[in-house]
């Protein structure tokens with residue numbers, strides 16, 4: 001953590017982990033296993049009169065002998081397990097861009113695009129503006145009237161000033177469309 005970076009790396013906003021869907025499926029499977037275990041407990045205590053599932057399943061598994069299909073199934077299970085480990089270890093991507101101000105504010109790419117559009121609309125001669133943004137680049141597409149000279153430079157300057165406190169500061173690209181040019 002440097003003197004210009006008041007936020008610890010662990011506190012930076014990140015994307016949902018890649019292992020989140022796996023964790024959700026595992027949680028649902030554990031809930032189902034708990035329900036089945038509760039059913040088996042009720043059967044064992046003679047509260048309900050049904051055939052047990054778990055005892056019959058373990059009995060069937062204990063009578064199995066080596067089959068040729070078991071080797072590919074075991075290899076597949078190992079590969080799936082390795083994929084789960086890789087998903088759990090995959091680093092999470094950054095989703096926000098921070099400001100250099102204190103306290104640090106976090107903006108998504110949508111926030112950055114909205115701020116850029118608002119800044120572009122305040123430039124004289126801009127009729128409409130639309131912005132797309134990612135973490136490194138902001139692309140502002142404007143519709144300008146015929147009378148506005150140097151509108152690209154003005155919009156670029158205004159957007160750069162609006163996003164000047166972001167760290168890292170994004171690259172601003174402006175394209176213009178004049179209503180009579182089509």
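Do you know which of the residues in the range 110-137 that are in a loop (DSSP other than H, G, I, E, B) and in contact with a strand residue (DSSP E or B) (Cβ under 9 Å, 6 or more places away or on another chain) is farthest from residue 157 (Cα to Cα)?
Among those that are in a loop (DSSP other than H, G, I, E, B) and in contact with a strand residue (DSSP E or B) (Cβ under 9 Å, 6 or more places away or on another chain), it is 135.
In this structure, does residue 86 turn out to be modelled with pLDDT of 90 or more, assigned to a helix (DSSP H, G or I) and under 30 Å from residue 174 (Cβ atoms)?
Spelling it out, it is not the case that residue 86 is modelled with pLDDT of 90 or more, assigned to a helix (DSSP H, G or I) and under 30 Å from residue 174 (Cβ atoms).
Could you check the range 49-93 and list, in sequence order, the residues that are closer than 30 Å to residue 12 by Cα and either out of contact with any strand residue (DSSP E or B) (no Cβ under 6 Å at 6 or more places or on another chain) or surrounded by fewer than 12 Cβ atoms within 10 Å (Cβ to Cβ) (or both)?
Listed by number, the residues that qualify are 81, 82, 83, 84, 85, 86, 87, 88, 89, 90, 91, 93.
Test each condition in (1) on the phi > 0 side of the Ramachandran plot; (2) surrounded by 11 or more Cβ atoms within 10 Å (Cβ to Cβ) for residue 46 and report the one that comes out false.
Failing condition for residue 46: (2).
The values are calculated or read from the model by the stated rules, or taken from the named source; none is laboratory data. On a predicted model such as this, the values are computed, not experimentally measured, just so you know. Please note: Cβ atoms are built from the backbone with ideal geometry, for glycine as well, and neighbour counts cover all protein chains shown.
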